[in-house]
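Bear in mind that the values in this text are calculations on the coordinates, not laboratory data. Since this is a predicted model, take the numbers as computed values, not measurements. Ideal geometry is used to build each Cβ from the backbone, glycine not excepted, and the neighbour counts take in all protein chains shown.
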Amino acid sequence: MQIEHVKFCIATLIARISRRVVDIRALSPVAGGSIPAFMATLADGGRFFVKVGTPEQRGRLQAEARGLEALRATQSVRVPQTWLVGGEVHYYFLLLEYLDLQAGDSGAHARLGRKLADLHRHTAPAYGFERDNFIGATPQSNTQMDNWPAFWREQRLLPQLRLAQAEASARPWIDRGMLLAEKVDSFFDGYRPQPSLLHGDLWPGNAGYLKDGTPVVYDPAVYYGDREAEVAMTEMFGGLPPAFHTAYYEAWPLDPGYATRRGLYQLYHLLNHHHLFGESYAQQVHAQIDSLLAAVN
């Protein structure tokens with residue numbers, strides 16, 4: 001990636017929109033994510049956050065921008081403002097408001113829990129979303145359906161299991177995974193969740209806090225679904241702190257059946273990590289599938 005050319009392209013795009021000359025003094029790399037990201041510093045001291053993708057990644061960046069827009073429209077949890085989505089021959093850009101984020105204290109974590117419950121009270125007539133998007137770098141289908149167990153089977157588990165069929169590390173468990181997909185309805189006897197708006201990829205790496213403790217979320221994979229699926233992910237990959245969970249449960253308690261369904265929801269993300277990061281997740285996926293099958297047999 002030619003940094004000077006990237007700076008020129010960004011400045012040109014901003015100038016077209018703002019109709020003013022823009023001088024980008026520096027692009028500082030920001031760690032994390034599969035699409036390169038930078039903090040851009042302007043000559044006047046202004047800063048913004050920019051993701052620099054290839055033209056082939058434009059769909060991912062457009063989907064992220066649409067997800068942020070959907071979250072922002074609820075006026076619940078804070079998200080970065082989107083300034084620009086566009087590109088040219090060599091690069092495609094997502095320019096966002098730069099927010100100076102930091103680790104939060106227990107009070108900030110509790111605020112995130114309450115804000116997430118507020119977000120989940122925004123509902124739709126069907127499960128899914130108006131467009132497909134991505135979970136990490138993996139395409140995520142959001143075809144709208146009015147049956148939640150069918151949605152989870154057809155739009156979440158089966159696409160991941162089909163990806164896994166091509167991997168040698170999945171051979172010990174792929175048939176049992178397919179069997180589990182057939183039994184998804186068994187986890188939802190007497191339980192029909194409302195289609196809540198979900199961030200969709202809410203793990204600790206996709207949340208932060210402003211200096212005043214305001215929670216901020218980003219990198220969404222939004223859709224309307226069971227809020228339990230969101231809460232289940234907040235317990236993965238290090239998990240959000242106890243203060244978050246306590247505040248969420250106080251704001252909106254979960255159904256007792258969550259204790260069993262949690263593993264079903266977490267399996268989706270374990271399968272995706274198996275697809276993205278390889279066989280190191282195979283044993284964990286295998287154990288999760290066996291545990292879930294035991295719960296419904």
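What the table shows:
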quantity: P(r) of region 1-160 over all Cα-Cα pairs, binned every 10 Å from zero, in whole percent; calculated: 9, 31, 32, 21, 6, 0
quantity: FRET efficiency estimate (nearest 0.05) - Cβ-Cβ, TYR258 to ALA26, R0 51 angstrom; calculated: 0.65
quantity: Packing-based ranking, highest mean first, of 281-289, 195-203 given that Cβ atoms within 10 Å are counted; calculated: 195-203, 281-289
quantity: Tensor-based shape of the chain (alpha-carbon gyration tensor, a/c under 1.5 rounded, otherwise prolate or oblate); calculated: prolate
quantity: Charge dipole of the chain about the Cα centre (unit charges at C-beta), most positive-ward option of GLN57, LEU240, GLN288; calculated: GLN57
quantity: FRET efficiency, PHE237 to ARG162 (Cβ-Cβ, R0 25 Å, nearest 0.05); calculated: 0.60
quantity: Highest-MSF residue in the chain out of GLY205, GLY263, GLY238 [GNM, Cα springs under 10 Å]; calculated: GLY238
quantity: The chain: Lys pairs at Cα distance under 27 angstrom, eight or more positions apart or on different chains; calculated: 4
quantity: Highest-MSF residue in the chain out of GLU250, GLU69, GLU235 [GNM, Cα springs under 10 Å]; calculated: GLU250
quantity: Listed residue (LEU264, TRP148, THR12) projecting farthest to the positive dipole end of the chain, Cβ model; calculated: THR12
quantity: Selected from GLY225, ILE174, LEU210, residue furthest toward positive end of dipole (region 106-296; charges at beta carbon); calculated: LEU210
quantity: Charged-residue dipole, Cβ positions (Lys, Arg, Asp, Glu), the chain about Cα centre, Debye nearest 20; calculated: 600
quantity: Assigned charges on the beta-carbon of Lys, Arg, Asp, Glu; region 3-97 dipole about Cα centre (debye); calculated: 180
quantity: Formal net charge of residues neighbouring LEU68 (Cβ-Cβ distance under 11 Å; K, R +1; D, E -1); calculated: -1
